[in-house]
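Notes for the one structure printed next.
The values are calculated or read from the model by the stated rules, or taken from the named source; none is laboratory data. None of these values were measured; they are calculated from a predicted model. Cβ: placed from backbone, ideal geometry, glycine included. Neighbour counts: every protein chain shown.
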Amino acid sequence: MNRIHVIAEGATEAGFVREILASFFKERHICIGSILMGGNVNYQRLRRDIQRILGDTAAYCTTMIDLYGIKKIEEFPGYEHFKNLRGRQKAVAMETAISQDFGHHVRLIPYIQLHEFEALLFSDPSMLASAIGQPKLASEFQAVRDSVSNPEEINEGIQTAPSKRIERIYPAFDKTKDNIHATKAIGLSTLRGACPHFHAWLSQLENVSSHS
């Protein structure tokens with residue numbers, strides 16, 4: 001069985017891997033687990049973690065890091081190329097630069113989340129509202145979703161990032177428990193259908209099963 005280690009930015013991402021992705025990939029004969037960075041993402045730490053994982057010749061390495069809030073983004077490889085890009089173009093350019101920094105290692109699959117984990121929750125605004133016990137807020141969440149072509153376009157502004165929009169509608173939102181509860185309720189298929197960059201990442205991970 002192939003193994004994938006996910007370098008997770010925080011507890012939410014680690015919980016998502018453990019509680020949602022693990023069973024999905026087990027059915028595909030892939031064992032997936034997470035390594036928690038614990039916030040304060042910077043490239044020096046990330047690079048060391050990637051190097052350590054790739055030292056295990058039987059393991060694949062991927063990342064799950066929010067574009068929103070990356071500290072010292074100018075230290076990431078390729079900064080001069082991607083600094084003026086936006087959205088998915090920026091995330092893809094960063095992923096490509098990280099891959100290039102490791103010589104396009106076949107067992108490295110970088111992933112930068114647009115723009116933070118909470119964007120995924122807007123894949124189904126009605127289910128999001130129900131999952132947090134606030135079904136009457138569905139129309140407000142839907143209005144946010146309707147303002148963009150897909151949830152991953154909800155931007156990285158200090159007051160307009162996905163989590164900030166949720167908290168403005170529902171101040172009691174608890175990132176620790178509500179994120180995972182809502183993503184479970186929404187379902188991985190719906191998340192993938194609404195979020196093309198996220199879907200492309202999971203498709204890459206699924207292809208690991210075809211390698212020895």
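Annotations
- Of the residues making up segment 117-158, those that are under 23 Å from residue 17 (Cα atoms), of a type in the set (A, V, I, L, M) and out of contact with any Pro (no Cβ under 9 Å at 6 or more places or on another chain) are 127, 128, 131, 132.
- Lone qualifier among 16, 117, 24 - being closer than 29 Å to residue 144 by Cβ, surrounded by fewer than 17 Cβ atoms within 10 Å (Cβ to Cβ) and modelled with pLDDT of 95 or more: 24
- Residues of segment 71-89 satisfying the condition of being surrounded by 20 or more Cβ atoms within 10 Å (Cβ to Cβ) and in contact (Cβ under 8 Å) with a residue 24 or more places away in the chain: 76
- Listed by first and then second residue, the pairs with beta-carbon distance under 7 Å, at least 6 apart or on different chains, first residue in segment 132-145 and outside any helix (DSSP H, G or I) and buried (at least 19 other Cβ atoms within 10 Å of the Cβ), second of a type in the set (Ser, Thr, Tyr) and modelled with pLDDT of 95 or more, are 132/170.
- Filter pass, residue 103 being assigned to a loop (DSSP other than H, G, I, E, B) and closer than 30 Å to residue 1 by Cβ: yes
- Residue in segment 185-203 that is at pLDDT below 95, part of a helix (DSSP H, G or I) and out of contact with any Phe, Trp or Tyr (no Cβ under 7 Å at 6 or more places or on another chain) present: no
- Any hit, segment 38-58, residues being assigned to a strand (DSSP E or B) and surrounded by 15 or more Cβ atoms within 10 Å (Cβ to Cβ): no
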